[in-house]
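Data first, discussion second: the structure below is written as structure tokens.
The values are calculated or read from the model by the stated rules, or taken from the named source; none is laboratory data. Every value quoted in this text rests on a predicted model; they were computed, and no experiment measured them. Note: ideal-geometry Cβ built from the backbone for every residue, glycine included; neighbour counts use all protein chains shown.
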Amino acid sequence: MPFFTSRGCILSDPTHDLVCSDLMKDFDGFRAVDHVSFEVPKGSFFSILGPSGCGKTTLLRMIAGFQSPTTGDLLIKGKSMIGVPPNKRPVSMVFQHLALFPTMSIGDNVGFGLRQRGVARADIARRVDEVLDRVGLPGVSTRRIDQLSGGQKQRVAIARCMILEPDVLLLDEPLGALDLKLREHMKVELKSLQAAFDTTFVYITHDQSEALVMSDNIAVMNQGRFEQVGAPHEVYHNPQTAFVAGFVGDANKIDAKVSAVNGTRLTLTSSAGTEMKVEETGSSLMVGQAVQVFLRPEAIELSKSKDGIEDELNVSRCTVNAVLFNGSNSSVMVRDKAGSLFSVALPQTGSLADLREGDEVFTCWRPQKARCYPAPEV
Amino acid sequence: MKTTIATSLIVVTTLTAPIAHAETLRLLTWGGYAPEEVIAKFEAETGHTVEVTTSNNEEMIAKLRATNGGGFDLAQPSQDRITSAQEEFGIYKPIDMSRVHSELFIPSMLEATAANTTFEGEVYGLPHVWGTSGLVVNTAEAGAVQDYVDLCDASVAGKVSYRLKRPTLIGFAYSMGLDPFAAYNDTGKYQDILNQVEAKLTECKPNVKAYWGGGDEIKNLLRSGEVVASMAWDTGGWQLNADNPDITFVAPKSGALGWIDTFVLPARGRADDAAYDWINFVMRPDIAAMITNTAGNFTAAVDGDAGVSADLKARYQGSFDQTAIDNIKWYPPVPAGLEALEGATLDRINAAN
Amino acid sequence: MRSDASKLGFYLLLAPIVLWLLVLIILPHVGLFIVSISEKIGPRIYETGFGNYATFFGEPLYWRTFARTAIMSILATALTLILGFPIAYYIAKLTRGRTKTTLFLMCMIPFWVSELVRTFGWMILLRETGVISTTLQIIGVISGPIELLYNDAAIMVGLVYTSILFMVVPLVTTLDSLDDSLIEAGYDLGGTTTSILREIVIPHAMPGIVSGCIVVFMLSLGNYLTPILLGGKDSLWFTGMIYNQFITRFNWELGSALGFLLLALSSAIVFLGLKLSKQSLSNTMGRA
């Protein structure tokens, strides 16, 4: 196993609770997880973000021990977990639908793990009360599961895992079943629980906002591979691949061709015929190559006249197609002369609050704001 | 179309035959007593149709009791079970002798049955088929079994069988030198006999492989060799003899038990005409021989044995010489209430360990 | 007006079940009860009284046979549960799609032939000159023929075989509804196979277990053919005793009393079982 020696520094590194190296999982004629390697530092909140079917659940189940990798290694606190059954691993998992035991009281649910370890009955009762206290549910241990609200169940599920003081807590989209309001609330709460317990969380989700809000680090996963691993702002602002740019946050996607290269400055022609300038450092794009341009709605500025706009910027005259009012997230759909639709964030200043459908506006954006990737070969 | 034809046929027959109108005869009988060919012949000659239900003594009485004597037009219980059932449940109606062709019956049997089935001055039964029960023995392996008590011999331990029914009690009583039929009307004396038989059968229990319930069951056990000696009906032994010459019916030394199955009319039977027609039809010598050939037992019909197969006659003669025939113990009518005593005895034997 | 019409509809829909209960369940039992409280004094003379019930308690044979029947039925139920649970677990949790249907059908195959034929099948297998005895002799395990029929073990085999489907079906239904993630959560929290079975699977399957056990117990207790045909000379069965009273002894009065006692005592045992397992009948029958 050559990478053991080459990565020996990581194996002995006590600051990483979870290390996956070159993990791979094949099912019949289908690769669910494809050469995935990552490290999760101790006490951090790590999210794996990806669309359904990207392999993130398989990855999580391999960490939990319900599936074994075809090749690769998986280390928790420096110890290889290959061949270790799930009930012997120092990890706990919060299941998608929580998997609370409906035949037991809340106290018995939370105390389940300690009972398996043969802890004395009085000790279990004390520690159950303690952990329920910490998740903000004091005195509920005799109640039944169905007497709790969705958010409370969530906390019980976390308490049931945390009582075992696992090295890593795995969370499998636990907020999916909650309504929007509660989900927003639980995001904040999960983050603060993680901070309070100071345990490493590995969280999988398809909801980018959950990942962005809670995580220290996000891995964006697609078709079994990690496209990018990084801090939320990095993933959001500097997506390294077209997939990340399109999946994380909203973006206008423009298909174009490179018509000129001048150092870092590219001149592109969209498929509809509009010219635009894009600043791209370190790219190897060549004239004539097909590209995809991603432009965030908030990167585009709106104005009613062309006055005072620098030449540097990409400017085009558009008509308002629709105003989508959504409080602070309001946006405007505009159509340029070539007929392409763009989503543009509505500024909070209120200067354009009177915008109506059919109005004429100018859009402009800085070449540095767009991201440009070679178009995938079809 | 079919129904129209059927309907018109019914209309025609009812119009053209107003005197001897066709009926459906619901016959409650034993297996083999109403062969298909006999029914076909009867239906062709008389226009009646026959529906057969096969059963045994106890179930016949239970069925008729459940309906107070309805549901069937003619039944065939053994002669000893008629008066007690009539006394207790009133499920039969008297025979109208003027409608029976009595010249077809062997006179001595007709008289004996009439005497045995008379209740409150009325005759309820006519004899039909008779036979005996005794021992069926595999002579090659259990030649020593000559009487009922020999079934308890150590030489045949674990390889004998009998029923846990009243014939077993009576057979054992005779072979123990007792006379149960003579004690029929003396409950105290009869109970005394039962107690002795109970002791014997309880002691004999380890010798028994299994108590058999149905005729096919005991035939299977004997044929496979799992059982080498058993109490059983004569016909069963003769049937097995046809397959394996070693196995045959043996009339016990103390006497085979003789039974006569009869014709009785259920109290609420509806097709009396058909019932009398059936009785007079099956007692004809040619028909009686057909029944003997299928059922394996002889009938009370005059000259009924003329058409019987030579094989069956030979087997009969092999089992019964004149002394054995003279020694047959014919079941007298069972007094009401006696069966309760026997039942309790049988229960105790069954439960004994 | 509308409520009147819907009420009428309600009663019309209710009518068949009420009629069914009345005609086929209640009336026969009332009749049976009336017969059971008439004591026979002489031919066609009867008196009302509880003498027949007194006979049951006075005659050790009857209540011993009942106790024996009940104990054997409980044993058969327990065996059926022990055998049926893994089968049901396998069908419900470890198979999918067509395999599942096939296995389920295989459990039902014995029920495509009549009980009599099934029992004769066992007789052919178990008898002294039967398939098992012969095979064992051929392969040299035993030197002479052995008799496997006519004993209590043969009855047990027959009863379990006859009733296993009635255990498997409710168990599969309840186990099907057990979310796999609950079992995984159990493992994840450090549970072993036994502790998960004890703390998660069995509590969840309890309604199915109880309803299966009730059905199997009642079927075994009320079975007539299997104990009579497979049992030996000492193998008394309570239903056989009732049959004897009705058919061979013509003692309908005692037979009815025994029938009623069977109903009462078996209900009492089921009630006790429900109390012990802390289940309610409605919960059990509703969920399974």
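Exactly one residue out of C:Val168, C:Val157, C:Val201, C:Val117 is within 24 Å of the chain's Cα centre (by Cα), aliphatic (A, V, I, L, M) and under 30 Å from A:Asp167 (Cα atoms), and it is C:Val201.
Here C:Gly190 clears all of (1) facing chain A (nearest Cβ under 10 Å); (2) at negative phi except the condition numbered (2). What pairs come out if I take residues in segment C:96-115 that are farther than 13 Å from C:Ser163 by Cα and pair them with residues that are outside any loop (DSSP other than H, G, I, E, B) whose C-beta lies under 7 Å away, six or more apart or interchain? Short answer, once both residue conditions are applied: C:Lys100/C:Ile91; C:Leu103/C:Ile91; C:Phe104/C:Ile91.
For segment A:191-214, filtering for residues that are under 11 Å from the mean Cα position of the chain (by Cα) and of a type in the set (Phe, Trp, Tyr) leaves 1.
Just one of the listed residues (A:Ser284, A:Ser271) is closer than 30 Å to A:Ile48 by Cα, outside the structural domain of A:Cys54 (by TED's automatic domain parsing) and without any contact (Cβ under 8 Å) to a residue 60 or more places away in the chain, and it is A:Ser284.
For the residues B:Asn220, B:Asn185, the requirement of being at pLDDT below 95, assigned by TED's automatic domain parsing to the domain that holds B:Ser254 and either closer than 21 Å to B:Ala140 by Cβ or basic (Lys, Arg) (or both) singles out B:Asn220. When we screen C:Thr101, C:Thr80 for residues that are in the same structural domain as C:Ser266 (by TED's automatic domain parsing), over 17 Å from the mean Cα position of the chain (by Cα) and not aromatic (Phe, Trp, Tyr), the only hit is C:Thr101. The set of residues in segment B:28-52 being closer than 25 Å to B:Glu339 by Cα and surrounded by fewer than 16 Cβ atoms within 10 Å (Cβ to Cβ) consists of B:Gly31 alone.
Please indicate, with yes or no, whether at least one residue in segment C:151-161 is in contact with a strand residue (DSSP E or B) (Cβ under 6 Å, 6 or more places away or on another chain) and either closer than 30 Å to B:Glu226 by Cα or more than 14 Å from chain A (Cβ to nearest Cβ) (or both). No, segment C:151-161 contains no residue that is in contact with a strand residue (DSSP E or B) (Cβ under 6 Å, 6 or more places away or on another chain) and either closer than 30 Å to B:Glu226 by Cα or more than 14 Å from chain A (Cβ to nearest Cβ) (or both).
Hey, does segment B:29-37 have a residue that's aromatic (Phe, Trp, Tyr), modelled with pLDDT of 90 or more and assigned to a helix (DSSP H, G or I)? There is no residue in segment B:29-37 that is aromatic (Phe, Trp, Tyr), modelled with pLDDT of 90 or more and assigned to a helix (DSSP H, G or I). Apart from one condition, C:Lys93 fits all of (1) within 30 Å of C:Glu184 (Cα to Cα); (2) modelled with pLDDT of 95 or more; the exception is (2).
Inspect all residues belonging to segment B:242-254 and state whether any of them is charged (D, E, K, R), surrounded by 23 or more Cβ atoms within 10 Å (Cβ to Cβ) and in the same structural domain as B:Tyr174 (by TED's automatic domain parsing). Looking through segment B:242-254, none of the residues is charged (D, E, K, R), surrounded by 23 or more Cβ atoms within 10 Å (Cβ to Cβ) and in the same structural domain as B:Tyr174 (by TED's automatic domain parsing).
Exactly one residue out of A:Gly55, A:Gly29 is free of Cβ contacts under 8 Å to residues at least 60 places away in the same chain and in the same structural domain as A:His233 (by TED's automatic domain parsing): that is A:Gly29.
Taking C:Leu182, is it aliphatic (A, V, I, L, M) and within 14 Å of chain A (Cβ to nearest Cβ)? Answer is yes for this residue.
Each residue in segment C:204-229 was checked for being hydrophobic (A, V, I, L, M, F, W, C), within 11 Å of another protein chain (Cβ to nearest Cβ) and within 17 Å of the chain's Cα centre (by Cα), and 2 pass. Checked against the criterion of being surrounded by 16 or more Cβ atoms within 10 Å (Cβ to Cβ), in contact with a Leu (Cβ under 8 Å, 6 or more places away or on another chain) and within 14 Å of chain B (Cβ to nearest Cβ), the candidates C:Tyr62, C:Tyr53 yield just one match: C:Tyr62.
Under the condition of being surrounded by 11 or more Cβ atoms within 10 Å (Cβ to Cβ) and either more than 28 Å from C:Leu219 (Cβ to Cβ) or among the small types (Gly, Ala, Ser) (or both), the residues counted in segment C:100-141 number 9. Residues of segment A:118-136 being without any contact (Cβ under 8 Å) to a residue 24 or more places away in the chain and either part of a loop (DSSP other than H, G, I, E, B) or closer than 27 Å to C:Thr194 by Cα (or both), which ones? Of everything in segment A:118-136, those that are without any contact (Cβ under 8 Å) to a residue 24 or more places away in the chain and either part of a loop (DSSP other than H, G, I, E, B) or closer than 27 Å to C:Thr194 by Cα (or both) turn out to be A:Gly118, A:Val119, A:Ala120, A:Arg121, A:Ala122, A:Asp123, A:Ile124, A:Ala125, A:Arg126, A:Asp129, A:Gly136.
Summed over segment A:118-162, residues that are surrounded by fewer than 20 Cβ atoms within 10 Å (Cβ to Cβ), in contact with a Pro (Cβ under 8 Å, 6 or more places away or on another chain) and among the aliphatic types (A, V, I, L, M) total 1.
Comparison of B:Ile260, B:Ile291, B:Ile325 shows that the only residue that is modelled with pLDDT under 90, under 19 Å from the mean Cα position of the chain (by Cα) and among the β-branched types (Val, Ile, Thr) is B:Ile325. For beta carbons closer than 8 Å, sequence separation of 6+ or different chains, a first residue in segment B:71-98 that is more than 20 Å from B:Glu111 (Cα to Cα) and a second that is among the basic types (Lys, Arg) and part of a helix (DSSP H, G or I), the qualifying pairs are B:Gly71/B:Lys63; B:Phe72/B:Lys63; B:Ala85/B:Arg65; B:Phe89/B:Arg65; B:Ile91/B:Arg65.
Keeping to segment C:238-264, report how many residues are away from chain B (no Cβ under 12 Å), free of Cβ contacts under 8 Å to residues at least 60 places away in the same chain and more than 17 Å from the chain's Cα centre (by Cα). Within segment C:238-264, residues that are away from chain B (no Cβ under 12 Å), free of Cβ contacts under 8 Å to residues at least 60 places away in the same chain and more than 17 Å from the chain's Cα centre (by Cα) number 1. Criterion first (touching a strand residue (DSSP E or B) at 6+ places or on another chain (Cβ under 7 Å), more than 14 Å from chain C (Cβ to nearest Cβ) and surrounded by fewer than 22 Cβ atoms within 10 Å (Cβ to Cβ)) does B:Lys329 satisfy it? The answer is yes for B:Lys329.
What number of residues in segment A:345-354 are surrounded by fewer than 18 Cβ atoms within 10 Å (Cβ to Cβ) and either in contact with a strand residue (DSSP E or B) (Cβ under 8 Å, 6 or more places away or on another chain) or β-branched (Val, Ile, Thr) (or both)? Counting residues in segment A:345-354 that are surrounded by fewer than 18 Cβ atoms within 10 Å (Cβ to Cβ) and either in contact with a strand residue (DSSP E or B) (Cβ under 8 Å, 6 or more places away or on another chain) or β-branched (Val, Ile, Thr) (or both) gives 2. Among the candidates C:Ser235, C:Ser267, C:Ser277, C:Ser282, the residue that is surrounded by fewer than 19 Cβ atoms within 10 Å (Cβ to Cβ), more than 14 Å from chain A (Cβ to nearest Cβ) and modelled with pLDDT under 90 is uniquely C:Ser282.
For segment B:324-337, the count of residues that are of a type in the set (Lys, Arg) and closer than 22 Å to B:Arg81 by Cα is at least one.
Condition check ((1) assigned to a strand (DSSP E or B); (2) within 14 Å of another protein chain (Cβ to nearest Cβ); (3) free of Cβ contacts under 8 Å to residues at least 40 places away in the same chain) across all residues:
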{"residue": "B:Leu201", "(1), (2), (3)": "no, yes, no"}
{"residue": "B:Cys204", "(1), (2), (3)": "no, yes, no"}
{"residue": "B:Lys209", "(1), (2), (3)": "yes, yes, no"}
{"residue": "B:Glu226", "(1), (2), (3)": "no, yes, no"}
{"residue": "B:Gly236", "(1), (2), (3)": "no, no, no"}
{"residue": "B:Thr262", "(1), (2), (3)": "yes, no, no"}
{"residue": "B:Leu265", "(1), (2), (3)": "yes, no, no"}
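Here C:Glu47 meets each of (1) outside any helix (DSSP H, G or I); (2) within 14 Å of chain B (Cβ to nearest Cβ) with one exception, condition (2).
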